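What follows draws every value from the coordinates through simple rules; no lab data is involved. Model, not experiment: these values are computed from the prediction. Virtual Cβ from ideal backbone geometry, glycine too; neighbours counted across all protein chains shown.
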Protein chains: 2
Amino acid sequence: MADNLKNSILEATREVIPGSGRAGLHEPELKGNEIAYLTRCIESSWVSYLGEYVERFELELAQVTNTKHAVVMVNGTVALHAALVVAGVKPDDEVLVPSLTFVASANAVSHCQAIPHFIDSEEQTLGLDPDALEAHLGQIAEMRDGACVNRQTGRIIRAVIPVHIFGHPVRMKELQRVASKYNLVIVEDAAESLGSQMNGRPLGGDGLMGVLSFNGNKIVTTGEGGAVVTNDEEIAARLKHLTTTAKTPHAYEFNHDEIAYNYRMPNINAAVGCAQLEHLDDFIKRKRQLADRYARAFAAIDGVQVFTEPEGAASNYWLNAILLDRSNADARNEVLEHLIADKLQCRPVWTPMHKLPIYESAPRASLEVCEDIAARLINLPSSPCLAEI
Amino acid sequence: MADNLKNSILEATREVIPGSGRAGLHEPELKGNEIAYLTRCIESSWVSYLGEYVERFELELAQVTNTKHAVVMVNGTVALHAALVVAGVKPDDEVLVPSLTFVASANAVSHCQAIPHFIDSEEQTLGLDPDALEAHLGQIAEMRDGACVNRQTGRIIRAVIPVHIFGHPVRMKELQRVASKYNLVIVEDAAESLGSQMNGRPLGGDGLMGVLSFNGNKIVTTGEGGAVVTNDEEIAARLKHLTTTAKTPHAYEFNHDEIAYNYRMPNINAAVGCAQLEHLDDFIKRKRQLADRYARAFAAIDGVQVFTEPEGAASNYWLNAILLDRSNADARNEVLEHLIADKLQCRPVWTPMHKLPIYESAPRASLEVCEDIAARLINLPSSPCLAEI
């Protein structure tokens, strides 16, 4: 049975990616103005954190996410950390995070000396389940002086981080209702979802802040990079100040009015980002074509489903995913190794955060759906170039 | 008197920088292989944190600093933070730092939830004074179970950060003796001193770790960038692990064995660094020529001295500095503004850390020399290109 399954999954994948060549999980495509813009940086000597591309990239990111402001930083992890600090997350607060996410979502909470509190996901979106969140808070939380307090730990639950897994939108309307009920700040982790839309609106602007990532395997890369987008002018100014050493303006004196960070994105990285953004629409178009081809190739195969975007969504399909039927979950590693042996760079979803020893003592809701998804999910090669083959 | 002084200082500076054009404080020179190496990154798609230039830059930085290992990161501030964590600095520890330094030296301590403890500087090197440190520890510290404890606060004093100000070496031998006596880890802040030498040996390798910076105004730039160098293989491995999300090796599983950071330097930034390093000897040669020309131009001027390297040192003269005589300290801002009005980008030294409200409650030694230097010092334009005019 496992043999049949792994062979038919390999065949379906190879129907989409013909031949026997290697296919990476997500490789960047840098065929636009990257070299031209970099050359301009070098020839002008504007290579560091001030420069035309930093300003332009921030303007364009705000446009793409339909927000008013963007502040670029060196990567998504530090961008999330800065966003949480500005959101008012204090040491010993709790922050609600899906357990099914990349470790950065939880680590950024820890970097505030706060504690991640893990919430279940849903199969429909792969993201945090607002209904499960509401039920969980109903059991463990109460409002005291306008703050949501975890009765079990006595700590304030300050914020919630919905993560748009593989580019697919969390049910933000439902989450906003729950967040409002419990006075939780929403910081959207849109690291994987640049260009994804829900009901025609781009993701990233539904929380107080949204966090983007541009590392090498993202849909748009700056080498490494990140940003925080927001509609709030004061918050944008505070983010810029906090991530650029909090130097106060003066002709020559060096004063700093808070203990701040250096998270500045260099102009050369922003230059690559500007060149990449010029192709975002094309990348999305091809990645959606690729997702469509996977869906067709797997349609007739028993025992496995291709994950497709939730209703109303137009996802960027950052990483394509298949879910084995529950009865085939035991075969996940065998299937994975069969694909990898054929030079197809596939992987399981991240180990859920609550399964990592570093977070074994973190507070949590029931995480059944998360564990169920993690046991059955396999990501398939998803580079935009694969749509052209 | 102030009029005479400011005019003769302007004249002397304009003798070195002829004409009436603008001169920046320290502008990068990017006339080597920067574009070629960047093009290679883009064409090969290796733009993120893995790639040939990351490996090469690390090897070359180890060579240049005469150490065994280098780990590159996104900037000097996070490199210092990572080094302190690996040095064993724990929340509520104290770390000895000169008050006369850029704010990053103190902030990196705060980022460990530790407390900077400010130490005086000496006029001979502009850096931390080992004798003053020893006298201060003699008054306030005692050894308990092998740890240096501040009797006044009850906290452990874990480490000391000598900063080689403007590229001039701290008296490391004397500091090593004091550090050894009090069991303090030395983390060298060599952010400003790449290429400087003491008695023929490059700076950066005298502590357990040394920290470098490559931001836009440093002698070698990667846009923004930093590194930690060390002779200890285990420490190097630990630094790499801690700054790259602490992912454990596996063919496809995502596990992380500590709450770690993403401080990875992208390959494109390392590519610029490799191209820059090819010119380090030339940059140093020209910057030392420039320092020599300032020394000669100011030799006959009363009331001000050019700072020259300590005996035994061959400094990179990152930023040239003049020190007004004490009797002229009141005229510092007037002189500064006179130079700036002539399009010469000059500046005072940083506001001493203990004068910033953010660090007003930090423990400290007597800081008389630091305050005296800060009141009288002016940095002059120091770009390597100025030596060629």
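Miscellaneous remarks
- Backbone geometry of region A:184-199 corresponds, through the Karplus equation with coefficients 6.51, -1.76 and 1.60 at θ = phi - 60°, to 3J(HN,Hα) couplings of 9, 6, 9, 10, 6, 8, 9, 4, 9, 10, 4, x, 6, 10, 10, 6 Hz, x marking Gly and Pro.
- Shape category assigned to region B:1-156 from the gyration tensor of Cα positions, a/c cut at 1.5: oblate
- Under a 5 Å amide H cut-off, with hydrogens placed 1.01 Å from N, A:V349 pairs with A:L377, A:N379 among residues at least 5 apart or on other chains.
- Fluctuation leader among A:D292, A:D257, A:D342 - chain A, Gaussian network, Cα springs under 10 angstrom: A:D257
- Here A:Q152 yields copy-to-copy label distances, from shortest upward, of 4.5 nm, the label point defined as 7 Å from Cα along Cα to C-beta.
- Cα-centre dipole for region B:34-277 with unit charges at Cβ (Lys and Arg positive, Asp and Glu negative), debye to 20: 140 debye
- Cα Rg, Dmax (largest Cα-Cα span) when computed across region A:230-324, Å: 22.0, 70
- Estimated translational diffusion coefficient (Stokes-Einstein, Kirkwood radius over Cα pairs, 10 °C, 1.306 mPa s) of region A:34-277: 87 µm² per second.
- Relative contact order (%) - chain A, alpha-carbon pairs under 8 angstrom, separation at least six: 26 percent
- Cα lying deepest toward the dipole's positive end in region B:34-277, options B:G146, B:P98, B:I157, charges on Cβ: B:G146
- Dipole magnitude (debye, nearest 20) for region A:284-383, charges at Cβ of Lys, Arg, Asp, Glu: 560 debye
- Rg over Rh, two decimals, the protein assembly as shown (C-alpha only, Kirkwood Rh): 1.00
- Projecting 7 Å from Cα along the Cα-to-Cβ direction, the label point of B:Q289 sits 5.6 nm from its equivalents in the other copies, listed shortest first.
- Summing Cβ point charges (Lys, Arg +1; Asp, Glu -1) relative to the Cα centre of region A:216-298 gives a dipole of roughly 660 debye.
- With Cα atoms defining each centre, region A:274-301 and region B:328-389 are spaced 55 Å apart in the structure.
- In region B:154-280, the C-alpha radius of gyration followed by the widest Cα-Cα span (Dmax) gives 16.7, 50 angstrom.
- Computed over chain A with a Gaussian network model linking Cα atoms closer than 10 Å, the most mobile of A:I284, A:I340, A:I219 is A:I340.
- Shown for region A:7-80 is the translational diffusion coefficient from the Stokes-Einstein equation, using the Kirkwood radius over Cα pairs, a temperature of 20 °C and a viscosity of 1.002 mPa s: 133 µm²/s.
- Ranking B:A341, B:A375, B:T351 by Cα position along the charge dipole of region B:341-385, where only Lys, Arg, Asp and Glu carry charges on their C-beta atoms, puts B:A341 farthest toward the positive end.
- Available extension along the chain between A:S361 and A:E233 is 42.3 nm, counting 0.36 nm per residue and deducting the alpha carbon span.
- Placing a pseudo-label 7 Å from each Cα along the Cα-to-Cβ vector at B:A36 and B:E174 gives an inter-label distance of 4.6 nm.
- Centre separation in Å (Cα based) which lies between region B:175-215 and region A:102-143: 44 Å
- With the simple spin-label model, which puts each label point 7 Å out from Cα in the Cβ direction, the B:I340 to B:D131 separation comes to 3.6 nm.
- What the Cβ-Cβ distance of B:M143 and A:N66 gives, at R0 = 41 Å and to the nearest 0.05, is a FRET efficiency of 0.10.
- Size-normalised alpha-carbon gyration radius of region A:238-389, reference 2.2 N^0.38 Å: 1.48
- Distance between the 7 Å Cα→Cβ label points at B:Q305 and B:S44: 5.0 nm.
- Between A:K181, A:K240, A:K90, the residue with the greatest mean-square fluctuation in the GNM of chain A (Cα pairs under 10 Å linked by springs) is A:K181.
- Top positive-direction residue, dipole computed over the protein assembly as shown with Cβ charges, set B:S45, A:A79, B:G167: B:S45
- Label distances, nm, B:P18 versus same residue in remaining copies, Cβ-directed 7 Å point: 7.0
- Span-rule helices in chain A, defined as complete DSSP H runs reaching 20 Å or more along the axis (Cα) with Kyte mean at least -1.0: A:2-16, A:280-298
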